[in-house]
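The values are calculated or read from the model by the stated rules, or taken from the named source; none is laboratory data. Being a predicted model, the structure only gives us computed values, none of them experimental. Glycine also receives a Cβ, built like all others from the backbone with ideal geometry; neighbour counts cover every protein chain displayed. Side chains included, ligands, DNA and RNA excluded: accessible areas come from the protein's heavy atoms. Shrake-Rupley method; radii C 1.70, N 1.55, O 1.52, S 1.80 Å.
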Amino acid sequence: MIELDNVGYSYGRGGALLSDITLRLAPGSFHFLTGPSGAGKTTLLKLCYLELHPTVGRVHLYGVDGTRMTRDDVARTRQSIGVVHQDCRFLDHLSVAENIALPLTVSSRPVPGQDLHDLLHWVGLRNQAGQLPPELSGGERQRAALARAVMTDPQIIIADEPTGNIDWEMSLKLLGLLVELNRMGKTVMIATHDLALIRAAKSQVATRVLRIQAGRLTLAGADL
Amino acid sequence: MRVLDLSLLLGDAQADRVVPPTGFTAQLTLFTSAAMSFLAVFALALSLATGRVAETWSEALARASTIRISAPEGQLDAQTRAVEQVLATTPGIASFRVIPDAEQAQLLEPWLGPGLPLDDLPLPRLIEVIEDARGFAPDGLRLRLAAEAPGAVLDDHTRWRRPLVEAAEGLRWLGLLSLALIGGAMAGMITLAAQAALAANRQIIEVLRLVGARDVYIAGAFTRRFTHRAGLGALLGAGLGLVAIALLPGNDSAGSFLTGLGFQGVGWITPAFIPPVAAAVAFLATRSAALRMLGRLS
Ligand SMILES: Nc1ncnc2c1ncn2[C@@H]1O[C@H](COP(=O)(O)OP(=O)(O)OP(=O)(O)O)[C@@H](O)[C@H]1O
Ligand SMILES: [Mg+2]
(Lines give C-alpha, C1' and ligand atoms only; values in the text may rest on other atoms or scores of the structure.)
(Ligands and ions follow the chains in the order given, each with its own letter.)
Protein backbone atom coordinates (compact mmCIF):
# COMPACT_ATOMS: atom_id res chain seq x y z
CA MET A 1 0.00 0.00 0.00
CA ILE A 2 2.79 2.38 0.93
CA GLU A 3 6.30 1.66 -0.29
CA LEU A 4 9.42 3.69 0.37
CA ASP A 5 12.56 2.80 -1.59
CA ASN A 6 15.90 4.08 -0.34
CA VAL A 7 14.27 7.33 0.68
CA GLY A 8 16.32 10.22 2.01
CA TYR A 9 15.09 13.58 3.20
CA SER A 10 16.61 16.85 4.31
CA TYR A 11 14.96 20.16 5.13
CA GLY A 12 16.46 22.99 3.11
CA ARG A 13 20.25 22.92 2.88
CA GLY A 14 20.70 21.13 6.19
CA GLY A 15 22.19 17.66 6.40
CA ALA A 16 20.09 14.60 5.71
CA LEU A 17 17.48 14.07 8.44
CA LEU A 18 16.47 10.70 7.06
CA SER A 19 18.53 8.49 4.78
CA ASP A 20 18.26 5.16 3.07
CA ILE A 21 14.81 4.30 4.36
CA THR A 22 13.08 1.31 2.83
CA LEU A 23 9.65 0.42 4.10
CA ARG A 24 6.68 -1.58 2.94
CA LEU A 25 3.28 -1.33 4.60
CA ALA A 26 1.27 -4.42 3.71
CA PRO A 27 -2.54 -4.21 3.58
CA GLY A 28 -4.07 -4.82 6.99
CA SER A 29 -0.79 -4.40 8.87
CA PHE A 30 -0.38 -2.50 12.13
CA HIS A 31 2.84 -0.49 12.56
CA PHE A 32 4.26 1.68 15.28
CA LEU A 33 6.90 4.27 14.54
CA THR A 34 8.99 5.34 17.47
CA GLY A 35 12.18 7.20 18.22
CA PRO A 36 13.42 10.19 20.19
CA SER A 37 11.82 13.57 19.76
CA GLY A 38 13.18 15.31 16.69
CA ALA A 39 14.28 12.02 15.10
CA GLY A 40 11.98 12.59 12.13
CA LYS A 41 8.83 10.57 12.86
CA THR A 42 6.50 13.28 11.68
CA THR A 43 8.72 13.86 8.66
CA LEU A 44 8.59 10.18 7.71
CA LEU A 45 4.80 10.11 8.01
CA LYS A 46 4.56 13.23 5.83
CA LEU A 47 6.62 11.43 3.22
CA CYS A 48 4.14 8.56 3.42
CA TYR A 49 1.07 10.71 2.77
CA LEU A 50 2.89 12.86 0.22
CA GLU A 51 2.87 16.13 2.11
CA LEU A 52 6.63 16.06 1.54
CA HIS A 53 8.49 14.65 -1.42
CA PRO A 54 11.70 12.73 -0.75
CA THR A 55 14.97 14.38 -1.70
CA VAL A 56 16.30 10.92 -2.59
CA GLY A 57 14.48 7.72 -3.54
CA ARG A 58 10.85 7.02 -4.35
CA VAL A 59 7.54 6.75 -2.55
CA HIS A 60 4.79 4.60 -4.05
CA LEU A 61 1.25 4.97 -2.80
CA TYR A 62 -1.30 2.35 -3.83
CA GLY A 63 1.24 1.43 -6.49
CA VAL A 64 1.56 4.96 -7.94
CA ASP A 65 4.82 6.89 -7.91
CA GLY A 66 4.27 9.96 -5.73
CA THR A 67 6.67 12.13 -7.72
CA ARG A 68 4.60 11.64 -10.86
CA MET A 69 1.38 12.79 -9.26
CA THR A 70 -0.12 16.14 -10.12
CA ARG A 71 -1.36 18.41 -7.38
CA ASP A 72 -4.89 17.20 -8.01
CA ASP A 73 -3.76 13.58 -7.76
CA VAL A 74 -2.17 14.32 -4.40
CA ALA A 75 -5.41 15.97 -3.25
CA ARG A 76 -7.34 12.86 -4.26
CA THR A 77 -4.81 10.65 -2.52
CA ARG A 78 -5.34 12.58 0.71
CA GLN A 79 -8.87 11.25 0.66
CA SER A 80 -7.73 7.66 0.50
CA ILE A 81 -5.43 8.01 3.50
CA GLY A 82 -6.86 9.07 6.84
CA VAL A 83 -4.37 11.20 8.74
CA VAL A 84 -4.56 12.24 12.38
CA HIS A 85 -2.08 15.10 12.58
CA GLN A 86 0.12 15.74 15.56
CA ASP A 87 -1.43 19.19 16.03
CA CYS A 88 -4.94 18.16 14.81
CA ARG A 89 -5.90 21.32 13.06
CA PHE A 90 -9.55 22.17 12.49
CA LEU A 91 -11.51 25.00 10.97
CA ASP A 92 -12.36 26.86 14.15
CA HIS A 93 -15.42 28.61 12.70
CA LEU A 94 -17.16 25.32 11.83
CA SER A 95 -18.80 22.95 14.28
CA VAL A 96 -17.16 19.66 15.28
CA ALA A 97 -19.62 17.74 13.10
CA GLU A 98 -18.93 19.98 10.11
CA ASN A 99 -15.19 19.55 10.64
CA ILE A 100 -15.54 15.79 10.71
CA ALA A 101 -17.53 15.91 7.47
CA LEU A 102 -15.02 18.24 5.83
CA PRO A 103 -13.24 15.61 3.69
CA LEU A 104 -16.57 14.88 2.00
CA THR A 105 -17.55 18.54 1.77
CA VAL A 106 -14.36 19.58 -0.02
CA SER A 107 -14.82 16.88 -2.60
CA SER A 108 -18.41 18.05 -3.13
CA ARG A 109 -19.84 14.75 -1.96
CA PRO A 110 -23.01 14.54 0.07
CA VAL A 111 -22.59 13.86 3.78
CA PRO A 112 -24.79 10.94 4.84
CA GLY A 113 -26.37 12.06 8.10
CA GLN A 114 -26.53 8.54 9.50
CA ASP A 115 -22.83 7.88 8.85
CA LEU A 116 -21.88 11.12 10.53
CA HIS A 117 -24.09 10.30 13.48
CA ASP A 118 -22.63 6.81 13.80
CA LEU A 119 -19.11 8.16 13.58
CA LEU A 120 -19.74 10.76 16.28
CA HIS A 121 -21.21 8.00 18.44
CA TRP A 122 -18.25 5.71 17.75
CA VAL A 123 -15.69 8.30 18.95
CA GLY A 124 -17.98 9.35 21.80
CA LEU A 125 -18.55 12.94 20.66
CA ARG A 126 -22.30 12.86 20.18
CA ASN A 127 -22.81 15.63 22.70
CA GLN A 128 -20.04 17.79 21.28
CA ALA A 129 -21.24 17.70 17.65
CA GLY A 130 -22.45 21.29 17.67
CA GLN A 131 -19.52 22.76 19.56
CA LEU A 132 -16.63 24.64 18.01
CA PRO A 133 -13.21 22.93 18.00
CA PRO A 134 -11.57 25.42 20.43
CA GLU A 135 -14.14 24.33 23.01
CA LEU A 136 -12.91 20.70 22.97
CA SER A 137 -10.49 19.07 25.41
CA GLY A 138 -7.25 17.56 24.15
CA GLY A 139 -8.67 14.04 24.12
CA GLU A 140 -11.84 15.16 22.41
CA ARG A 141 -9.78 16.91 19.74
CA GLN A 142 -7.82 13.73 19.10
CA ARG A 143 -11.00 11.70 18.74
CA ALA A 144 -12.57 14.32 16.47
CA ALA A 145 -9.40 14.21 14.35
CA LEU A 146 -9.67 10.41 14.14
CA ALA A 147 -13.32 10.66 13.13
CA ARG A 148 -12.41 13.14 10.40
CA ALA A 149 -9.59 10.86 9.23
CA VAL A 150 -11.95 7.92 8.70
CA MET A 151 -14.86 9.93 7.24
CA THR A 152 -13.96 8.97 3.66
CA ASP A 153 -13.52 5.29 4.64
CA PRO A 154 -9.81 5.19 3.67
CA GLN A 155 -7.81 1.96 3.53
CA ILE A 156 -4.85 3.48 5.36
CA ILE A 157 -4.91 5.32 8.71
CA ILE A 158 -1.86 7.28 9.79
CA ALA A 159 -1.81 8.78 13.30
CA ASP A 160 0.95 11.09 14.51
CA GLU A 161 1.21 11.04 18.32
CA PRO A 162 -2.52 10.48 18.76
CA THR A 163 -2.07 10.16 22.51
CA GLY A 164 0.35 13.08 22.76
CA ASN A 165 -1.20 14.97 25.64
CA ILE A 166 -4.06 12.90 26.95
CA ASP A 167 -4.31 10.69 30.02
CA TRP A 168 -3.75 6.96 30.03
CA GLU A 169 -7.39 5.98 30.12
CA MET A 170 -8.22 8.15 27.12
CA SER A 171 -5.09 6.85 25.36
CA LEU A 172 -6.33 3.29 25.75
CA LYS A 173 -9.74 4.29 24.44
CA LEU A 174 -8.19 5.86 21.37
CA LEU A 175 -5.93 2.86 20.84
CA GLY A 176 -9.05 0.70 21.05
CA LEU A 177 -10.59 2.64 18.15
CA LEU A 178 -7.46 2.19 16.05
CA VAL A 179 -7.29 -1.51 16.80
CA GLU A 180 -10.94 -1.80 15.84
CA LEU A 181 -10.17 -0.13 12.49
CA ASN A 182 -7.31 -2.56 11.94
CA ARG A 183 -9.62 -5.51 12.62
CA MET A 184 -11.89 -4.10 9.93
CA GLY A 185 -8.96 -4.55 7.54
CA LYS A 186 -7.46 -1.06 7.55
CA THR A 187 -3.72 -0.54 7.42
CA VAL A 188 -2.64 1.41 10.50
CA MET A 189 0.56 3.30 11.27
CA ILE A 190 1.03 5.19 14.53
CA ALA A 191 3.94 7.39 15.52
CA THR A 192 4.45 7.53 19.27
CA HIS A 193 7.12 7.48 21.94
CA ASP A 194 4.73 6.04 24.48
CA LEU A 195 6.15 2.55 25.00
CA ALA A 196 3.32 1.58 27.31
CA LEU A 197 0.88 2.24 24.51
CA ILE A 198 2.87 -0.04 22.21
CA ARG A 199 2.81 -2.82 24.80
CA ALA A 200 -0.92 -2.37 25.27
CA ALA A 201 -1.41 -2.72 21.52
CA LYS A 202 0.77 -5.81 21.31
CA SER A 203 -1.60 -7.61 23.60
CA GLN A 204 -4.46 -6.95 21.18
CA VAL A 205 -3.06 -7.18 17.63
CA ALA A 206 0.02 -8.28 15.75
CA THR A 207 2.19 -5.19 15.40
CA ARG A 208 5.54 -4.28 13.99
CA VAL A 209 7.55 -1.58 15.74
CA LEU A 210 9.87 0.59 13.69
CA ARG A 211 12.44 2.87 15.28
CA ILE A 212 14.10 5.92 13.76
CA GLN A 213 17.50 6.68 15.16
CA ALA A 214 20.21 8.85 13.65
CA GLY A 215 18.25 9.08 10.41
CA ARG A 216 17.95 5.30 9.91
CA LEU A 217 14.95 3.04 10.23
CA THR A 218 15.35 -0.19 12.18
CA LEU A 219 13.00 -2.89 13.36
CA ALA A 220 12.74 -2.69 17.15
CA GLY A 221 13.51 -5.83 19.10
CA ALA A 222 11.12 -8.14 20.79
CA ASP A 223 11.78 -6.39 24.10
CA LEU A 224 8.83 -4.13 23.33
CA MET B 1 -12.94 27.01 -17.26
CA ARG B 2 -16.56 26.75 -16.30
CA VAL B 3 -17.52 30.40 -16.36
CA LEU B 4 -21.16 29.54 -16.64
CA ASP B 5 -21.12 27.11 -13.75
CA LEU B 6 -24.54 27.41 -12.17
CA SER B 7 -23.18 26.99 -8.67
CA LEU B 8 -21.19 30.13 -9.30
CA LEU B 9 -24.39 32.11 -9.44
CA LEU B 10 -26.41 30.25 -6.89
CA GLY B 11 -23.51 29.63 -4.57
CA ASP B 12 -22.55 26.36 -2.99
CA ALA B 13 -23.70 26.96 0.56
CA GLN B 14 -21.36 24.34 2.04
CA ALA B 15 -18.34 25.47 0.08
CA ASP B 16 -18.95 29.07 1.02
CA ARG B 17 -18.95 28.22 4.69
CA VAL B 18 -15.49 26.65 4.69
CA VAL B 19 -13.91 30.07 4.34
CA PRO B 20 -14.88 32.39 7.19
CA PRO B 21 -16.39 35.73 6.18
CA THR B 22 -13.77 38.45 5.95
CA GLY B 23 -15.31 41.79 6.81
CA PHE B 24 -12.67 44.19 5.63
CA THR B 25 -11.88 42.79 2.20
CA ALA B 26 -15.60 42.29 1.65
CA GLN B 27 -16.35 45.95 2.23
CA LEU B 28 -13.35 46.99 0.16
CA THR B 29 -14.50 44.94 -2.80
CA LEU B 30 -18.05 46.19 -2.51
CA PHE B 31 -16.91 49.81 -2.34
CA THR B 32 -14.37 49.50 -5.15
CA SER B 33 -16.86 47.86 -7.42
CA ALA B 34 -19.57 50.42 -6.64
CA ALA B 35 -17.24 53.39 -7.16
CA MET B 36 -15.82 52.03 -10.39
CA SER B 37 -19.27 51.24 -11.76
CA PHE B 38 -20.46 54.73 -10.88
CA LEU B 39 -17.57 56.15 -12.91
CA ALA B 40 -18.17 53.66 -15.67
CA VAL B 41 -21.71 54.97 -16.13
CA PHE B 42 -20.30 58.44 -16.84
CA ALA B 43 -17.62 57.15 -19.15
CA LEU B 44 -20.29 55.22 -20.99
CA ALA B 45 -22.55 58.27 -21.19
CA LEU B 46 -19.64 60.37 -22.44
CA SER B 47 -18.74 58.02 -25.22
CA LEU B 48 -22.33 57.47 -26.29
CA ALA B 49 -23.13 61.20 -26.22
CA THR B 50 -20.01 62.26 -28.08
CA GLY B 51 -20.60 59.53 -30.58
CA ARG B 52 -24.06 60.96 -31.12
CA VAL B 53 -22.75 64.50 -31.43
CA ALA B 54 -20.12 63.48 -33.96
CA GLU B 55 -22.75 61.74 -35.99
CA THR B 56 -25.16 64.66 -35.91
CA TRP B 57 -22.54 67.14 -36.93
CA SER B 58 -21.13 65.10 -39.68
CA GLU B 59 -24.55 64.21 -41.05
CA ALA B 60 -26.89 67.13 -40.57
CA LEU B 61 -24.36 69.90 -40.85
CA ALA B 62 -22.89 68.41 -43.95
CA ARG B 63 -26.09 69.20 -45.76
CA ALA B 64 -26.15 72.94 -45.06
CA SER B 65 -23.75 75.46 -46.61
CA THR B 66 -23.66 79.23 -46.75
CA ILE B 67 -22.82 81.62 -49.55
CA ARG B 68 -21.61 84.98 -48.41
CA ILE B 69 -21.82 87.91 -50.87
CA SER B 70 -19.82 91.05 -50.14
CA ALA B 71 -20.09 93.73 -52.77
CA PRO B 72 -20.42 97.48 -53.00
CA GLU B 73 -23.94 98.77 -52.27
CA GLY B 74 -24.91 99.13 -55.92
CA GLN B 75 -23.87 95.64 -57.01
CA LEU B 76 -25.22 93.59 -54.11
CA ASP B 77 -28.65 92.90 -55.55
CA ALA B 78 -27.31 92.12 -59.00
CA GLN B 79 -24.78 89.66 -57.63
CA THR B 80 -27.42 88.05 -55.42
CA ARG B 81 -29.59 87.43 -58.47
CA ALA B 82 -26.63 85.99 -60.33
CA VAL B 83 -25.89 83.60 -57.47
CA GLU B 84 -29.52 82.56 -57.31
CA GLN B 85 -29.40 81.73 -60.99
CA VAL B 86 -26.25 79.68 -60.58
CA LEU B 87 -27.77 77.77 -57.65
CA ALA B 88 -30.98 77.08 -59.53
CA THR B 89 -29.03 75.33 -62.25
CA THR B 90 -26.59 73.45 -60.02
CA PRO B 91 -27.37 69.76 -59.60
CA GLY B 92 -27.48 68.36 -56.05
CA ILE B 93 -29.10 71.35 -54.39
CA ALA B 94 -32.45 70.80 -52.69
CA SER B 95 -33.24 74.39 -51.78
CA PHE B 96 -31.73 77.76 -51.00
CA ARG B 97 -32.92 80.98 -49.49
CA VAL B 98 -31.60 84.44 -48.89
CA ILE B 99 -31.46 85.11 -45.19
CA PRO B 100 -33.39 88.34 -44.58
CA ASP B 101 -31.62 91.20 -42.84
CA ALA B 102 -33.87 90.92 -39.83
CA GLU B 103 -32.99 87.26 -39.28
CA GLN B 104 -29.35 88.05 -39.79
CA ALA B 105 -29.57 90.75 -37.15
CA GLN B 106 -31.08 88.22 -34.82
CA LEU B 107 -28.19 85.81 -35.45
CA LEU B 108 -25.70 88.55 -34.70
CA GLU B 109 -27.40 89.90 -31.60
CA PRO B 110 -25.93 87.41 -29.13
CA TRP B 111 -22.44 88.33 -30.35
CA LEU B 112 -22.71 92.07 -30.80
CA GLY B 113 -25.43 93.04 -28.35
CA PRO B 114 -28.92 94.44 -28.95
CA GLY B 115 -29.83 97.77 -30.41
CA LEU B 116 -27.09 97.64 -32.97
CA PRO B 117 -27.27 100.17 -35.80
CA LEU B 118 -27.05 97.42 -38.38
CA ASP B 119 -27.90 99.75 -41.21
CA ASP B 120 -24.57 101.49 -40.75
CA LEU B 121 -22.59 98.25 -41.03
CA PRO B 122 -21.65 96.90 -44.43
CA LEU B 123 -23.11 93.46 -43.76
CA PRO B 124 -22.60 90.76 -46.34
CA ARG B 125 -25.66 89.00 -47.69
CA LEU B 126 -26.07 85.34 -46.70
CA ILE B 127 -27.68 82.59 -48.73
CA GLU B 128 -28.39 79.30 -47.01
CA VAL B 129 -28.00 76.31 -49.31
CA ILE B 130 -29.41 72.87 -48.46
CA GLU B 131 -28.07 70.05 -50.54
CA ASP B 132 -30.06 66.98 -51.43
CA ALA B 133 -29.07 63.37 -50.90
CA ARG B 134 -26.60 63.38 -53.80
CA GLY B 135 -24.89 66.59 -52.73
CA PHE B 136 -23.11 69.06 -54.98
CA ALA B 137 -19.46 69.42 -55.92
CA PRO B 138 -18.19 72.42 -53.92
CA ASP B 139 -15.24 73.08 -56.22
CA GLY B 140 -17.39 73.23 -59.36
CA LEU B 141 -19.84 75.58 -57.65
CA ARG B 142 -16.98 77.81 -56.51
CA LEU B 143 -15.68 78.13 -60.10
CA ARG B 144 -19.09 79.07 -61.44
CA LEU B 145 -19.66 81.58 -58.63
CA ALA B 146 -16.30 83.20 -59.30
CA ALA B 147 -17.29 83.72 -62.92
CA GLU B 148 -20.84 85.01 -62.29
CA ALA B 149 -20.54 86.83 -58.96
CA PRO B 150 -17.00 87.77 -57.93
CA GLY B 151 -18.11 88.86 -54.45
CA ALA B 152 -19.64 85.46 -53.54
CA VAL B 153 -17.81 83.04 -51.27
CA LEU B 154 -19.02 79.48 -50.69
CA ASP B 155 -18.55 78.29 -47.15
CA ASP B 156 -19.41 74.61 -47.09
CA HIS B 157 -18.74 74.24 -43.33
CA THR B 158 -16.28 71.37 -43.71
CA ARG B 159 -13.51 73.72 -42.73
CA TRP B 160 -14.86 74.43 -39.24
CA ARG B 161 -16.90 71.28 -38.92
CA ARG B 162 -14.05 68.83 -39.30
CA PRO B 163 -12.17 69.76 -36.12
CA LEU B 164 -15.45 69.60 -34.17
CA VAL B 165 -16.23 66.15 -35.49
CA GLU B 166 -12.67 65.10 -34.78
CA ALA B 167 -12.91 66.47 -31.24
CA ALA B 168 -16.17 64.62 -30.66
CA GLU B 169 -14.66 61.43 -32.03
CA GLY B 170 -11.61 61.92 -29.82
CA LEU B 171 -13.85 62.36 -26.81
CA ARG B 172 -15.65 59.16 -27.68
CA TRP B 173 -12.36 57.26 -27.74
CA LEU B 174 -11.40 58.87 -24.46
CA GLY B 175 -14.66 57.60 -23.02
CA LEU B 176 -13.95 54.07 -24.24
CA LEU B 177 -10.37 54.27 -22.96
CA SER B 178 -11.73 55.40 -19.59
CA LEU B 179 -14.00 52.38 -19.51
CA ALA B 180 -11.03 50.10 -20.17
CA LEU B 181 -8.94 51.86 -17.50
CA ILE B 182 -11.77 51.63 -14.99
CA GLY B 183 -12.05 47.91 -15.68
CA GLY B 184 -8.30 47.46 -15.33
CA ALA B 185 -8.12 49.44 -12.09
CA MET B 186 -10.99 47.41 -10.69
CA ALA B 187 -9.31 44.14 -11.65
CA GLY B 188 -6.15 45.37 -9.91
CA MET B 189 -7.88 46.39 -6.70
CA ILE B 190 -9.93 43.21 -6.51
CA THR B 191 -6.78 41.17 -7.08
CA LEU B 192 -5.16 42.93 -4.11
CA ALA B 193 -8.23 42.38 -1.96
CA ALA B 194 -8.34 38.72 -2.95
CA GLN B 195 -4.66 38.29 -2.18
CA ALA B 196 -5.19 39.87 1.22
CA ALA B 197 -8.09 37.52 1.88
CA LEU B 198 -6.06 34.49 0.78
CA ALA B 199 -3.12 35.51 2.96
CA ALA B 200 -5.39 36.08 5.94
CA ASN B 201 -6.88 32.62 5.49
CA ARG B 202 -3.65 30.75 5.03
CA GLN B 203 -4.29 28.45 8.00
CA ILE B 204 -7.71 27.59 6.63
CA ILE B 205 -6.22 26.82 3.23
CA GLU B 206 -3.70 24.48 4.85
CA VAL B 207 -6.42 22.57 6.69
CA LEU B 208 -8.45 22.31 3.50
CA ARG B 209 -5.39 20.95 1.73
CA LEU B 210 -4.84 18.37 4.45
CA VAL B 211 -8.34 16.97 4.05
CA GLY B 212 -7.87 16.72 0.29
CA ALA B 213 -9.37 19.90 -1.17
CA ARG B 214 -8.22 20.56 -4.71
CA ASP B 215 -6.98 24.00 -5.76
CA VAL B 216 -10.07 24.68 -7.85
CA TYR B 217 -12.28 24.00 -4.85
CA ILE B 218 -10.38 26.38 -2.58
CA ALA B 219 -10.10 29.02 -5.32
CA GLY B 220 -13.81 28.60 -6.02
CA ALA B 221 -14.78 29.35 -2.44
CA PHE B 222 -12.98 32.69 -2.66
CA THR B 223 -13.92 33.42 -6.25
CA ARG B 224 -17.64 33.00 -5.66
CA ARG B 225 -17.53 35.37 -2.77
CA PHE B 226 -15.68 38.10 -4.61
CA THR B 227 -17.80 37.70 -7.71
CA HIS B 228 -20.98 38.13 -5.69
CA ARG B 229 -19.67 41.18 -3.93
CA ALA B 230 -18.34 42.84 -7.06
CA GLY B 231 -21.65 42.21 -8.83
CA LEU B 232 -23.62 43.63 -5.94
CA GLY B 233 -21.34 46.67 -5.65
CA ALA B 234 -21.59 47.28 -9.38
CA LEU B 235 -25.37 47.09 -9.19
CA LEU B 236 -25.37 49.79 -6.51
CA GLY B 237 -22.78 51.95 -8.27
CA ALA B 238 -24.35 51.72 -11.71
CA GLY B 239 -27.79 52.41 -10.22
CA LEU B 240 -26.53 55.54 -8.47
CA GLY B 241 -24.72 56.62 -11.64
CA LEU B 242 -27.91 56.27 -13.67
CA VAL B 243 -29.86 58.30 -11.13
CA ALA B 244 -27.18 61.00 -11.21
CA ILE B 245 -27.33 61.17 -15.00
CA ALA B 246 -31.11 61.25 -15.00
CA LEU B 247 -30.94 64.22 -12.63
CA LEU B 248 -28.69 66.24 -14.97
CA PRO B 249 -30.55 69.12 -16.63
CA GLY B 250 -32.18 67.94 -19.84
CA ASN B 251 -31.78 69.23 -23.38
CA ASP B 252 -34.91 71.30 -23.17
CA SER B 253 -34.22 73.18 -19.95
CA ALA B 254 -30.89 74.65 -21.01
CA GLY B 255 -29.93 74.68 -24.63
CA SER B 256 -26.25 74.10 -24.19
CA PHE B 257 -23.80 71.65 -25.61
CA LEU B 258 -23.11 70.03 -22.21
CA THR B 259 -26.65 68.81 -21.73
CA GLY B 260 -26.03 66.31 -24.47
CA LEU B 261 -24.19 64.23 -21.84
CA GLY B 262 -26.79 61.64 -21.05
CA PHE B 263 -28.46 58.58 -22.42
CA GLN B 264 -31.10 58.48 -25.11
CA GLY B 265 -33.51 55.72 -26.02
CA VAL B 266 -31.92 52.28 -25.85
CA GLY B 267 -28.77 53.95 -24.51
CA TRP B 268 -30.39 53.80 -21.07
CA ILE B 269 -30.05 50.02 -21.18
CA THR B 270 -26.28 49.96 -21.70
CA PRO B 271 -25.40 50.51 -17.99
CA ALA B 272 -27.19 47.22 -17.31
CA PHE B 273 -24.11 45.54 -18.75
CA ILE B 274 -21.87 47.05 -16.09
CA PRO B 275 -22.74 44.66 -13.19
CA PRO B 276 -22.23 41.45 -15.20
CA VAL B 277 -18.99 42.80 -16.63
CA ALA B 278 -17.82 43.83 -13.15
CA ALA B 279 -18.69 40.38 -11.84
CA ALA B 280 -16.79 38.77 -14.71
CA VAL B 281 -13.76 40.98 -14.05
CA ALA B 282 -13.87 40.06 -10.36
CA PHE B 283 -14.26 36.38 -11.20
CA LEU B 284 -11.22 36.32 -13.48
CA ALA B 285 -9.10 38.50 -11.19
CA THR B 286 -9.85 36.47 -8.05
CA ARG B 287 -9.53 33.14 -9.76
CA SER B 288 -6.16 33.87 -11.29
CA ALA B 289 -4.90 35.42 -8.03
CA ALA B 290 -6.10 32.40 -6.04
CA LEU B 291 -4.73 29.76 -8.39
CA ARG B 292 -1.40 31.59 -8.62
CA MET B 293 -1.15 31.84 -4.84
CA LEU B 294 -2.20 28.23 -4.27
CA GLY B 295 0.38 27.13 -6.81
CA ARG B 296 3.07 28.95 -4.86
CA LEU B 297 1.93 27.48 -1.54
CA SER B 298 2.55 23.91 -2.65
N1 LIG C 1 9.54 22.50 8.11
C2 LIG C 1 10.74 22.25 8.68
N3 LIG C 1 11.82 22.95 8.29
C4 LIG C 1 13.02 22.70 8.82
N5 LIG C 1 13.25 21.78 9.74
C6 LIG C 1 12.22 21.03 10.16
C7 LIG C 1 10.91 21.23 9.65
N8 LIG C 1 10.07 20.34 10.24
C9 LIG C 1 10.83 19.64 11.10
N10 LIG C 1 12.11 20.04 11.04
C11 LIG C 1 13.22 19.47 11.80
O12 LIG C 1 13.34 18.10 11.47
C13 LIG C 1 13.60 17.35 12.62
C14 LIG C 1 12.58 16.21 12.74
O15 LIG C 1 11.31 16.77 12.93
P16 LIG C 1 10.04 15.84 13.14
O17 LIG C 1 8.88 16.73 13.38
O18 LIG C 1 9.95 14.90 12.00
O19 LIG C 1 10.44 15.04 14.46
P20 LIG C 1 9.56 14.04 15.32
O21 LIG C 1 10.33 12.79 15.36
O22 LIG C 1 8.19 13.99 14.80
O23 LIG C 1 9.60 14.74 16.74
P24 LIG C 1 8.47 14.74 17.88
O25 LIG C 1 8.55 13.42 18.56
O26 LIG C 1 8.90 15.83 18.79
O27 LIG C 1 7.18 14.99 17.23
C28 LIG C 1 13.59 18.30 13.81
O29 LIG C 1 14.93 18.59 14.15
C30 LIG C 1 12.91 19.51 13.27
O31 LIG C 1 13.48 20.67 13.87
MG1 LIG D 1 6.37 14.56 15.45
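Candidates are the residues of segment A:150-161 that are among the aliphatic types (A, V, I, L, M) and either on the phi > 0 side of the Ramachandran plot or within 16 Å of ligand 2 (Cβ to nearest atom) (or both); the one that is farthest from the other protein chains (Cβ to nearest Cβ) is A:159. If the condition is being more than 16 Å from ligand 2 (Cβ to nearest atom) and facing another protein chain (nearest Cβ under 9 Å), then segment A:51-80 contributes A:71, A:72, A:74, A:75, A:76, A:77, A:78, A:79, A:80. When residues in segment A:1-50 are screened for being within 14 Å of chain B (Cβ to nearest Cβ) and either open to solvent by 60 Å² or more (accessible area, probe 1.4 Å) or within 9 Å of ligand 1 (Cβ to nearest atom) (or both), 3 of them pass.
Listed conditions (1) of a type outside the set (A, V, I, L, M, F, W, C); (2) open to solvent by 80 Å² or more (accessible area, probe 1.4 Å); (3) over 23 Å from residue B:220 (Cβ atoms); (4) without any contact (Cβ under 8 Å) to a residue 24 or more places away in the chain are all met by residue A:108, apart from (3).
Out of A:29, A:10, A:37, A:19, one residue alone is polar (S, T, N, Q) and within 16 Å of ligand 2 (Cβ to nearest atom). It is A:37.
Taking segment A:81-99 as the range and being part of a helix (DSSP H, G or I) and facing chain B (nearest Cβ under 10 Å) as the test, the residues that pass are A:98, A:99.
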